[in-house]
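Presented below is the structure to which this report refers.
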Amino acid sequence: MFAEISILEYWKSEHDLNTLEDACALDAGRGLFAVADGAGTTLFARQWAMTLVELFVSCPLLSADPFELDWWLGQARARYTEGLPAPERLPPAVRQKWQREGSQATLAALRVVESEPEYALVKLLAIGDSCLLWRRAGSEVVESFPLRSPAEFDRPPLCLPSQAALFRRSFHRLQEQWLRLGPNDCVMLATDALARWILAGGDGSLTPNQCFELVARQMPSSWQTFVEEGRALRGLADDDCTAVVLTCRRTLSERAILLGTTQSYQATLLQERRRAFEEARRAGDRRRMAVLYGDGTAFQEQDLVILPGEIELARCVAEALDELLWQLRPLLNRADAAEQAALLWQSYAPLLAAEPCSASLRRTLAALGVPGVAVEINDSEEAQPGERPVRGERTE
Amino acid sequence: MPGRLAFDEAMQFPRSRLLVPDPELREGQVEMVEIKTRRGLIRRPWGLEGGFAVVYKFRTRSGQARALRCFHVDMKPDTEERYRRIAAYFAAQTALQAVTVPFTYYREGIVVKEQGRGEVCPLIAMEWVEGRTLCEAVHLYCNQGNRVALRELSQRWQELVLAMRASRMAHGDLAGSNILVRDDGRLVLVDYDGVYIPPLAGYPPVLAGQEDYQHPQMRQRPYNEETDAFSALVITTALKALASDPTLWQRYARLDAQGNPSESLLFTAEDFADPQHSRLFQELLRAREPLVRKLTEELQAACLQPVQQVCFPFALLDPNYGYKQALKGLQEAIANDDDEAIIRAWQPLLEKYGPAQSALPRVELARRRLAALRSWRATIASSASLAAILASYDSVLDGTRALTESERCLLSEGRRLLEALTRRDDETALEAAAALSQYYGLKLLSAQEQAQLQEARERQRLRQSWREARRSGEIEAVALAYLQAQRAGLLPSEEEERLGKLAARFWELVTDPAADDEALLEAYEAIALSPLAAELHISAEQRQRAELAERRLAALARLRMALGSRRLRAVAEADDPLLETCTALAPEEKERLELARRFYAAVEANDDASLVMLGEQLEQEAATSTGLRLSPEEWTRLELARKRWRAYSRFLSALHSRQPRLIAAAAHPLLAEMQLSANERTLLELAQEFVAAYEDDRRLVAFYERLLSSPHSAFFQFSPEEQQRLHLLWKQEQQWRTFEQVLATAPQEPAEEGPRRILAAYNALPEALLERLSAEHRCLLEQARQALELLHLLRQEASPEQLAAIYTPELLETFPSLLNSVQRQRLERVLLLQELQRAWRACDYRRMLLIARAIPQPQELERYGLQLRVAARRLAEMLQPPGVLLALRPAIDGNHLIISWRWTTDPLLRHVLICWHTQALPPLPQPLYPGQLEQIGHYRIVSHPEPAGQGTASLNLTVGSCTLLHVVVCALLPEDWGQGTSGRFVEQDGRLSDWQAADRPWWLGRALCASLVLGTEVALS
């Protein structure tokens, strides 16, 4: 299958490319496309959004499994922090806010899994209000994912956080959907303002199909004029407007290029992931094992021996540790922190008391004065001054 | 409120976002800070974020630095008012001008967008102070060991504290970061969110303050000029201590990872929470400098005191501070001419303080005045007479400000009240009493004074009431006010007297329903004709009442004229509904009017009974000399009523007998004109119908049915003979209906059940009913008999001729369920074979072949095989496909024979044979057997797929290279009867298909032959 591809980007009024908080990236040869919308209420939102989309097209997330997402976000965080100055070099006000809230962004991504002359099978992944919209050839129905109606955009969107401490597997759930595209089908990855505008039929004077058609017809050179007119005349919100438009074609043409596919992770990445998994296994760090194992797809083709129940136990430990940390964090500044933490620890102690991955947590609890928390001598010795647990943050 | 980042964004676009009117600001630019990332530089506005607001450094159009302060938390609604008062206060207080900066509060300062929605937020613009924070300055001087600078700093701080106290101001959030040290060493306070100034007394407190500067009970801190007592003591102590020993900073200051000082100044909240065990407190209590020790002791004590009791120890900074403060208070009281404040401000310590002695005479005057005031207040509290209170007032109190507003009012308004009561000046007296009662009610007045006041009030009320009534002009208001004023002896002027009387008279009559109409009209006209008419407003209702009286008088006059004529009709015509309420109508007039009214009502209603009853009364009336008399027409009408009444009486008597013949006989023609009741009329009609129908059976039955279905079914009393006849006829009717029902339902029943039931019902009919049988009935009976016969023959396997003889199509229409499917099929075959024979005899070969195709069993047709073959041959000779077009066209892969023709709807023309050869084709055999096709040459048979479909057929046949081609086209009629064939598409070229056995011949239609030259076309017909 071939596709004609348009990349459409324009920013909020008064702004410019440097302050655009949307980001998009694609690798048509591997069938990877992504858009993200950095949350303007957080710092370095554009940097985080760009990190997510660039990571997706270089190392795509293959499924919406929470542990797989946790592993993938770990990759994203590593890239993201590499690109920013060290926290102590940030202005104090910026540093505090960034350490407290980090950055947040929504994400919508498309991966081509099969590309045949008559069809392309794609997998959609999304979180928040960045959307994928599509229209079948000859149809006037515009379908969308993950949001289906304009009213759903009123709710604050779910965002992927750059701070590990703010990520919850049970809460930050990606949604996924399979789609089979035929010749002349058109699919679009769009950030919230544009997606909402299309689904609402502009200011009500158009149909979603007409709006979709108007956007699908745009070229990068006409996009700025289109967006400005849309804001002035057709009810388009004054927000960053980003879209990647793919129109499927059966044959090659001047604008159409061949859609490639991606079905698995790259071999080097798989080897690195396996090495890290075996290292975590040797260290007995079950939380890290659970995250590295992800949904297990990465290890299917490898001759890795997994013991019965090993992954299930690792996931239980990871869930328990993360849940405990999540509940503990707001308690730390309370006067009765020790009592509250003790009650909390009682619920999780059977699972976590002997786990190496809970060592720093146990040190924190012992320092708070929670009775009966076993702190191994090795824990204290191993902890370097720079690695001491920071109050209210997850330590890994 | 929007978040910090939203404000950051807004600050970057001052031209569009700043709403302040100052172009210097709108065309300026916020100072930016740059952050290097791997993706490039990120520029962000530089801003300091505090608890309530973020402060941006802003460069105006002309390059001056300004501080723009934006609130990022919701502020109280009175924030703008507070800032307005604070700005004005700072500007007015000389002492504060040096230690504060002027600012402007803009309620609509900046447009901030978040989530695409814009919000207008307040903004404070102020001077940008270049310098260091107090903490930074202390950090610098201590690190340098610069005691001189530290002492200078401490001295400046003390001056600032005294200046604040002198201006009675408190900052609310004194802290190292809110005190700036200018480059020349002067101190400036910034951040005025929590400021207290006297104009803000009574406002709810703003809880600002950093815990390293605040008392542990900061939340209970008072909101007044003592708000800063604790934090000022903290800073004073810290600065004094550091000036004495700068090394304290190295030991106690908190520094961050980069070595920068935190916002605390030596002391922390932990020190204040437990001063007894604070290492810093211990060390400062042992300091060499006594003032440091004393300040530390004060601070330690303050930590342990309730926050409300903490005071700043100004005496430690200035020994005469107490005298100066006391004298300042006294001077302020004298300046305000406030005797009570003067007495309060005269403190014992001033008695020996020289500068205070010159104020002593003023203090004495204040004392005398307060004594007189106490005495007068005692009189006010105990006395029950206004005159006595006023008498006890001492003139020394003239001019004092100690008198309360109420007391001043008592003095002035009390005097005014007593004078007005004496002069009977009611209006002034009431005004004075009202003013007095705002403060004291009327409790200061004696009973006599109160009675006088009440009389004045009543008089005033009546005057007011009369004035209002005159202003309104309302009859009722004027009349009532006049009557009240008259009773109170408040005699108005002569003109007002006249006006009052006119209104009172009219109002009295108009409100009395029984008032005499003539008197009412007179009063009404008196107003209308009076010169004062314009001052009185007669309401629409009152006017209607007067007009009613006028109309009623007219009606009465008309009635009396009619009564004088003695004519009954004239009286009836003079009747008017208004007379019902006329009180002037005499009883005999009323009686005659009623008589006439009733007579004509009865005539109108055609009510003979009433007319008959009135007749006697009218005859008596006519006999009197003045009584009403009937005209001849009225007499005629009365007589008619009497006749009809008699006829009706007779009818009623007959009705009571319940005998229909008597009732019918009592029917008088006059009854038709009368309004009989519905029941009476129905019974009369029934009785008449009975008599008329008695000799006619069908009609009598109809009567009886009508009677039984009516509510009067049991009314009539028939004679035994009549009753017997009715019952017999009724029974026969029921039998007939049963018979008709069988005829209607039985034909639907299966097999012989229906015909048998019909014949059984017929047999059960009594003789008397046979004459009611119609032709249709008899036909149905005949069909029932034939149906039974047909069934019998079918069961007996009778010959087709016998079956055909008895069968008619109507038979199965009448009895659709007579035959089962086998019987029906057999019958249909018999009928088809009969039809086949008829067609043979009529030489209708087409019909024969169509019938033969419709018969599926070949054995049935064996007898007719020869006839069918003859029919097929003869018919085939007439078959020919229409519109045949042939063309021979050259092509690369050999020549092409293109043939087209039309299919018609003829079900027998379904197959076409095309033969071609370069040699001349021999004649085709008739009939043609499939095996013979091989000998002919090239051929193709084309069949139409549908039994009766039409359309155009077209073939493109490759015929090889040739210049001349012989072609024959003809229809094919296969011998396909007895096979149940249906149309099938077959296209053959040298192969036999499987749809017809090889031994069954085809009959060829008329052959269309052509010899085609290459590149030519031929149409064949």
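Computed from the coordinates by the stated procedures, all read-outs in this text should not be read as laboratory data. In this text the structure is predicted, and so the values were computed from the model without any measurement. Here Cβ is always computed from backbone atoms with ideal geometry, including for glycine, and neighbour counts include all displayed protein chains.
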Label the protein assembly as shown by shape, choosing from rounded, prolate and oblate, from the square roots a ≥ b ≥ c of the eigenvalues of the Cα gyration tensor; if a/c is under 1.5 it is rounded, and otherwise prolate applies when a/b is larger than b/c, oblate when it is not.
oblate
What is the magnitude of the charge dipole of segment B:473-538 about its Cα centre, with +1 placed on the Cβ of each Lys and Arg, -1 on the Cβ of each Asp and Glu, and no other charges, expressed in debye to the nearest 20?
260
Give the angle, between 0 and 90 degrees and rounded to the nearest 10, that separates the Cα long axis of helix B:321-335 from the longest principal axis of the Cα atoms of chain B.
80
From the helices alone, meaning DSSP H stretches of at least four residues, give me the mean residue ellipticity at 222 nm for chain B, per-run term -39500 (n - 2.57), in deg cm²/dmol to the nearest 500.
-16000 deg cm²/dmol
Which net charge results for the neighbourhood of A:VAL305, defined as the other residues with beta-carbon distances under 13 angstrom from its beta-carbon, given Lys and Arg at +1 and Asp and Glu at -1?
-1
In a shell of Cβ-Cβ distance under 13 Å around B:GLN276, excluding B:GLN276 itself, what net charge do Lys and Arg (+1) and Asp and Glu (-1) give?
-3
P(r) over all Cα-Cα pairs of segment B:85-138, 5 Å bins from 0 to the longest distance, whole percent per bin, short to long, reads 4, 15, 16, 16, 15, 14, 10, 7, 3, 0
How shielded is A:234-242 by partner chains, expressed as the average number of their Cβ atoms within 10 Å of its Cβ atoms?
1
Grab the beta carbon distance between B:ALA702 and B:THR904, set R0 = 51 Å, and tell me the FRET efficiency rounded to 0.05.
0.20
Using a Förster distance of 35 Å, the FRET efficiency for B:GLN734-B:ARG785 (Cβ separation, nearest 0.05)
0.85
Within segment B:132-152, the residues whose backbone N lies under 19 Å from a label point placed 7 Å from the Cα of B:ARG288 along the Cα-to-Cβ direction are B:142-152
Computed over segment B:165-324, the Cα gyration tensor eigenvalues, each multiplied by 5 and square-rooted, give semi-axes in Å (largest first) of 24, 19, 17
Taking the convex hull of Cα positions in segment B:4-127, its mean projected area over all directions (nm²)
9.1
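Give me the number: length gained by fully extending B:LYS643 to B:LYS443, i.e. 0.36 nm times residue separation minus the C-alpha to C-alpha distance, one decimal in nm.
62.6 nm
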Would you calculate, for chain A, the mean residue ellipticity at 222 nm contributed by helices, counting each DSSP H stretch of 4 or more residues as -39,500 (n - 2.57) and dividing by all residues, to the nearest 500?
-12000 deg cm²/dmol
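For B:ARG467 and B:LEU41, calculate 0.36 nm times their separation in residues minus their Cα-Cα distance, and state this gained length in nm to one decimal. Please list the in-between numbers first.
Working: separation 426, 0.36 × 426 = 153.36 nm, distance 8.69 nm.
Result for the pair: 144.7 nm of gain on full extension.
If you take the C-alpha gyration tensor of segment B:553-630, multiply each eigenvalue by 5 and take the square root, what semi-axes do you get, largest first, in whole Å?
21, 15, 10
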So which residue, out of A:ALA276, A:ALA335, A:ALA318, gets the largest mean-square fluctuation from a GNM of chain A using Cα contacts under 10 Å as springs?
A:ALA335
Could you list the residues of segment A:174-210 with an amide nitrogen less than 13 Å from a label point located 7 Å from the Cα of A:TYR119 in the Cα-to-C-beta direction?
A:178-183
Putting +1 on Lys and Arg Cβ atoms and -1 on Asp and Glu Cβ atoms, find which of A:THR42, A:GLY182, A:GLY260 reaches farthest to the positive end of the dipole of chain A.
A:THR42
Helix B:587-604 against the longest principal axis of chain B: what's the angle in degrees, Cα atoms only, rounded to the nearest 10?
40
Extending each Cα 7 Å along its Cβ direction at B:GLN932 and A:ILE306, get the distance between those two points in nm, one decimal.
8.3
Stretched out fully, how many nm does the piece from B:SER382 to B:GLN486 gain, at 0.36 nm a residue minus the Cα gap?
33.3 nm
From fewest to most C-beta neighbours within 10 Å, the residues A:LYS12, B:LYS240, B:LYS501, B:LYS36 line up as B:LYS36, B:LYS501, A:LYS12, B:LYS240
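Given 25 °C and 0.890 mPa s, how large is the Stokes-Einstein diffusion coefficient of segment B:445-518 in µm²/s, with Rh as the Kirkwood radius over Cα pairs?
Taking Rh from Cα pairs, D becomes 182 µm²/s.
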Computed E for A:ARG255/A:SER58 - FRET, C-beta separation, R0 30 angstrom, nearest 0.05:
0.75
Give the distance, in whole Å, between the Cα centre of segment B:513-567 and the Cα centre of segment B:579-633.
28
Looking at the P(r) of segment B:357-460, how many percent of alpha-carbon pairs lie beyond 18 Å?
50
Distance between segment B:41-110 and segment A:189-218 - C-alpha centres, whole angstrom
43
Can you tally the net charge around B:PRO198? Count Lys and Arg as +1, Asp and Glu as -1, for every other residue whose Cβ sits under 14 Å from the Cβ of B:PRO198.
+1
Mean-square fluctuation maximum in Gaussian network of chain A, Cα pairs under 10 Å, restricted to A:GLN263, A:GLN300, A:GLN327, hits A:GLN300
What is the magnitude of the charge dipole of the protein assembly as shown about its Cα centre, with +1 placed on the Cβ of each Lys and Arg, -1 on the Cβ of each Asp and Glu, and no other charges, expressed in debye to the nearest 20?
1660
With +1 on each Lys and Arg Cβ and -1 on each Asp and Glu Cβ, and nothing else charged, work out how big the dipole of chain B is about its Cα centre, in Debye to the nearest 20.
2820
Hey, in the GNM for chain A with a 10 angstrom Cα cutoff, which one of A:ARG329, A:ARG89, A:ARG135 fluctuates hardest?
A:ARG89
Least to most buried among A:VAL291, B:VAL73 (fewest other Cβ within 10 Å first)
B:VAL73, A:VAL291
Can you give the Rg/Rh ratio of segment A:235-368, where Rg is from the C-alpha atoms and Rh is the Kirkwood radius?
1.21
Can you bin chain B into rounded, prolate or oblate? Criterion: square roots of the alpha carbon gyration tensor eigenvalues sorted a ≥ b ≥ c, rounded for a/c under 1.5, prolate for a/b above b/c, oblate for the rest.
oblate
Cα radius of gyration and Dmax for segment A:107-186 (Å):
14.9, 47
If you take the square roots of the eigenvalues of the alpha-carbon gyration tensor of segment A:71-157 and sort them as a ≥ b ≥ c, do you get rounded (a/c under 1.5), prolate (a/b over b/c) or oblate?
oblate
Taking a crude spin-label model, label points 7 Å out from Cα along the C-beta direction, the A:PHE171 to B:GLU455 distance in nm is 8.6
Label B:GLN357 and B:SER625 with points 7 Å out from Cα along Cα→Cβ: what is the distance between them in nm?
13.2
Counted neighbours (other Cβ, 10 Å), sorted fewest up, put B:LEU743, A:LEU328, B:LEU285 in the order B:LEU285, B:LEU743, A:LEU328
To the nearest 10 degrees, how steep is helix B:290-304 against the longest Cα principal axis of chain B, on a 0 to 90 scale?
40
Separation of alpha-carbon centers, segment B:152-223 and segment A:292-360, rounded to whole Å
50
